[in-house]
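Asker: Got a structure for you, questions after.
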Amino acid sequence: MISEAVLAEIRERVDIVALIGEFVRLKKSGVSFKGLCPFHNEKTPSFYVHPRRRFFHCFGCQASGDVFSFLMRAEGISFPEAARLLAARAGVEIPVEDPERDAAQRRERQREERYAAITEAAAGYFISQLDEHPLGATAVEAWRAREIRDETARAFRLGYAPAAWDGLVGFLRQQGWSPSDVEAVGLIVPRRGGSGYYDRFRHRLMFPITDHQGRIVAFSGRLLDLPPGAKAPTESGAKYINSPEGPLYSKGRVLFGLYEGRVSIRREGWVLLCEGNFDLLALHQAGFSNAVAPMGTALTLDQGKLLKRFAERAVLLFDGDAAGRRAVRAAFDVLARVGMPAQVVTLPAGADPDLFLRQEGAGALRARIDAAKGIVEHLIDEAAASARSASDKARAIARLGAVLVKVDNPVEARLYVERIAQKFGVGDVEAVRRQLRKGARGRREEVVAETPPGGRSSPERPLPPLERDLVGVLLDLPGLIESPEARKIGELLTSPELRAIFQAISVLVEERGGVETQALLAEAEGNPALGWVRGRLARPEHEDERGGLEQLRAALPVLERKWLRHRLAVLKREILAAQAAGDDALAARLRAEHVALLHSARKKKGSRGKDGDESSRFEDHGA
């Protein structure tokens, strides 16, 4: 646990505008900054950052919070991770509670930082070899042949692994890195016949692979052709080889392009899942910067969970061959387990995204994405298209049972059963249902909807505009809360939501001498007006206390009249309820209050101007 005092110090030291500015292009707007929200797709900026309050809020998707919540959402990390990263950024030391555990964690972090520094140095080396090695041009030619522009290659830091046994070995030795550490991250291999090491990657186009935090954790190397007559220690192995798994890299937990595309994925709300390295680069280059790719493996559960942290749905864009069809079926199992809706883009037979973009263009691909079927519909249609004989159809329907058992919505499941019957040409829907049950491996478990922690929030209702504006003045200028005008306003508020916000401001000013944003938001938790509070904190409207006080004074007479009307209406209802219950004493007390309020209204009648006929309106509430 990190104390609130330490968290407050981190908030104070971290420049929230500078932090968010690394993800969002911000422009000054009054006392705030605004830009396009990184968490949903929008064309008009509705995302505001308030530097003094150290707070952000989006008026579009309602995302809001401080530096911790922003980094957690933007990077898909936990609170402890965000706190540690921001503490390091701010130069704040987090106190140690368990010295032994902290020492072990510190050693682990130091080891990871050392390994990450090695992979970073290797990436720099591979980039330098594009120009320095005689064969470096072959890597450039390889990406240009696929119509990948040089600026795209630079953005993804593509490089060249020299056609030499120990080029990287010698470079990292000169940099002072331990060979055992370099071996641990999979860049070099021990020689079989004696001491020493040789480079794992030789004469390959190198793709650095980053984790979702931007650290280079591995490399993917594509074998290049040697120019005619050239001789060099290259490999005759697979076209692509990837770094072996190690302390930094687990291929089932990393997605190529996720770090580069994370802001776009958040903004779009969906992720485009492809397969190959060049597919990924071509998609980003064509404007589909929300694309990611697994690293030479079918989508894993860990990768599915990682995607779920960044996106609401997935669109699968795999090759139009048998391997691509198998990848769709495997992805369905994973995405269904993590509860992520998915669609499938169908490409022509033999085409991959890179080739399709080169031949048809980004517009044609966008049209196919827009027309993509839901993944269950796709699997049904694919199974029906491949089944010819009656026995083929029976087996295909049975296999679909394992798909439908993962569909939680009973209405959707029923519609899918009818679609299967139609696609397979079976008139007896009940027979199809029996075959699906036969093929299902396990019974579909019922999902019990749970109430969110803390219970259901109260439904939002419109806030009275005048009361909202006056409480807004006090949010902007909390120093006015102790003025006689503000105290009077507190007595006249009819909205229970705004009264609660008013009381929270009063308490914070009395106890802390001011309003700290996070403390106020904590006080307002569960209040239906919380969304409005967040928006007002991010985009204040008043800076001048004198002008704010004048606004309070000018509004008081109007607020008093509105409160009188409201109170008279309430009293009328209460009098009728007391009479219906036979409580004559209570009814008499309420009538006395009603008469007193009417008398007060008549006394003020003469000074209303246009509103001078106020008492006649009050009379309508008589009991």
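Asker: Filter the stretch 63-88 down to residues that are over 16 Å from HIS40 (Cβ atoms) and among the small types (Gly, Ala, Ser) and give me whichever is surrounded by the fewest Cβ atoms within 10 Å (Cβ to Cβ). If you could, list the steps in order and put the result at the bottom.
Answerer: Kept after step one, since they are over 16 Å from HIS40 (Cβ atoms), are these residues of the stretch 63-88: 66-68, 71-72, 75, 77-88.
With the extra rule that they be among the small types (Gly, Ala, Ser), the set shrinks to 78, 82-83, 87-88.
Numbers: SER78: 11, ALA82: 20, ALA83: 21, ALA87: 19, ALA88: 13.
Here the answer is SER78.
Asker: From the list LEU272, LEU248, pick out the single residue that is among the hydrophobic types (A, V, I, L, M, F, W, C), within 30 Å of SER46 (Cβ to Cβ) and not in a helix (DSSP H, G or I).
Answerer: Working: LEU248 fails: within 30 Å of SER46 (Cβ to Cβ).
Being among the hydrophobic types (A, V, I, L, M, F, W, C), within 30 Å of SER46 (Cβ to Cβ) and not in a helix (DSSP H, G or I) holds for just one of LEU272, LEU248, which is LEU272.
Asker: Also: For the stretch 540-549, indicate whether the set of residues that are assigned by TED's automatic domain parsing to the domain that holds GLU497, under 30 Å from SER69 (Cα atoms) and surrounded by 19 or more Cβ atoms within 10 Å (Cβ to Cβ) is non-empty.
Answerer: Taking every residue of the stretch 540-549 in turn, at least one turns out to be assigned by TED's automatic domain parsing to the domain that holds GLU497, under 30 Å from SER69 (Cα atoms) and surrounded by 19 or more Cβ atoms within 10 Å (Cβ to Cβ).
Asker: Write out, first by first residue and then by second, each pair whose Cβ atoms fall under 8 Å of each other, whose residues are 6+ apart or on separate chains, and whose first residue, in the stretch 189-210, is aromatic (Phe, Trp, Tyr) and surrounded by fewer than 20 Cβ atoms within 10 Å (Cβ to Cβ) while the second is at pLDDT below 95 and in a loop (DSSP other than H, G, I, E, B).
Answerer: Within 8 Å, the pairs are TYR198/TRP165; TYR198/ASP166; TYR198/ARG191.
Asker: Continuing with the same structure: One residue is enough: does the stretch 296-303 have a residue meeting the conditions in a helix (DSSP H, G or I), surrounded by fewer than 22 Cβ atoms within 10 Å (Cβ to Cβ) and outside the structural domain of PRO208 (by TED's automatic domain parsing)?
Answerer: Checked the stretch 296-303: at least one residue is in a helix (DSSP H, G or I), surrounded by fewer than 22 Cβ atoms within 10 Å (Cβ to Cβ) and outside the structural domain of PRO208 (by TED's automatic domain parsing).
Asker: Another one. Could you check the stretch 213-224 and list, in sequence order, the residues that are touching an Asp or Glu at 6+ places or on another chain (Cβ under 7 Å) and buried (at least 21 other Cβ atoms within 10 Å of the Cβ)? Step through it out loud before you land on a result.
Answerer: Here is the first cut: in the stretch 213-224, the residues touching an Asp or Glu at 6+ places or on another chain (Cβ under 7 Å) are 213, 216-217, 223.
If the condition is that a residue be touching an Asp or Glu at 6+ places or on another chain (Cβ under 7 Å) and buried (at least 21 other Cβ atoms within 10 Å of the Cβ), then ILE216, VAL217 are the ones that fit.
Asker: Would you say LEU280 is farther than 24 Å from ALA145 by Cβ and not hydroxyl-bearing (Ser, Thr, Tyr)? I'd like the intermediate steps shown before the answer.
Answerer: Values: farther than 24 Å from ALA145 by Cβ: no; not hydroxyl-bearing (Ser, Thr, Tyr): yes.
No, not satisfied.
Asker: Assuming ARG53 fulfils every condition listed in (1) in contact (Cβ under 8 Å) with a residue 60 or more places away in the chain; (2) basic (Lys, Arg); (3) more than 15 Å from PRO540 (Cα to Cα) apart from one, which condition is it?
Answerer: Single failed check for ARG53: (3).
Asker: Something else about it: All but one of (1) touching a helix residue (DSSP H, G or I) at 6+ places or on another chain (Cβ under 7 Å); (2) outside the structural domain of PHE288 (by TED's automatic domain parsing); (3) not hydrophobic (A, V, I, L, M, F, W, C) hold for ASP352; state the number of the condition that does not hold.
Answerer: (2)
Asker: Against the condition outside the structural domain of ILE10 (by TED's automatic domain parsing) and part of a helix (DSSP H, G or I), how does ALA103 come out, does it pass?
Answerer: Values: outside the structural domain of ILE10 (by TED's automatic domain parsing): yes; part of a helix (DSSP H, G or I): yes.
Against the criterion (outside the structural domain of ILE10 (by TED's automatic domain parsing) and part of a helix (DSSP H, G or I)), ALA103 qualifies.
Asker: Which residue is modelled with the lowest pLDDT, if the candidates are limited to the stretch 435-483 and must be surrounded by 13 or more Cβ atoms within 10 Å (Cβ to Cβ) and among the basic types (Lys, Arg)?
Answerer: Once the filter is applied, the top-ranked residue is ARG444.
Asker: Taking the criterion of being hydrophobic (A, V, I, L, M, F, W, C) and not in a strand (DSSP E or B), would at least one residue in the stretch 204-213 satisfy it? Quick ask: steps written out before the conclusion?
Answerer: Going residue by residue through the stretch 204-213, those that are hydrophobic (A, V, I, L, M, F, W, C) are 205-207, 209.
Subset that is not in a strand (DSSP E or B): none.
Checked the stretch 204-213: no residue is hydrophobic (A, V, I, L, M, F, W, C) and not in a strand (DSSP E or B).
Asker: Out of LYS572, LYS562, report the one residue that is touching a residue at least 24 places away in the same chain (Cβ under 8 Å) and more than 18 Å from LEU498 (Cβ to Cβ).
Answerer: Values: LYS562 fails: more than 18 Å from LEU498 (Cβ to Cβ).
Sole residue among the options that is touching a residue at least 24 places away in the same chain (Cβ under 8 Å) and more than 18 Å from LEU498 (Cβ to Cβ): LYS572.
Asker: Kindly indicate the residue of the stretch 304-338 that is part of a loop (DSSP other than H, G, I, E, B) and without any contact (Cβ under 8 Å) to a residue 40 or more places away in the chain and also surrounded by the most Cβ atoms within 10 Å (Cβ to Cβ) among those meeting that condition. So that I can check it myself, show each step before the final result.
Answerer: Looking only at the stretch 304-338, we keep the residues that are part of a loop (DSSP other than H, G, I, E, B), and these are 311-312, 317-321.
Add one more test, that the residue is without any contact (Cβ under 8 Å) to a residue 40 or more places away in the chain, and what stays is 320-321.
Working: GLY320: 19, ASP321: 14.
Checked the stretch 304-338; the qualifying residue surrounded by the most Cβ atoms within 10 Å (Cβ to Cβ) is GLY320.
Per-residue answers, yes or no, for (1) in contact with a helix residue (DSSP H, G or I) (Cβ under 7 Å, 6 or more places away or on another chain); (2) touching a residue at least 24 places away in the same chain (Cβ under 8 Å); (3) over 22 Å from GLU545 (Cα atoms):
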residue	(1), (2), (3)
SER483	yes, yes, no
ALA486	yes, yes, no
GLY490	yes, no, no
ARG499	no, no, no
VAL507	no, no, no
ALA524	yes, yes, yes
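The values are calculated or read from the model by the stated rules, or taken from the named source; none is laboratory data. Values in this document were obtained by computation on a predicted structure and should not be read as measured data. Glycine gets a Cβ as well: all are built from the backbone with ideal geometry, and neighbour counts include every protein chain shown.
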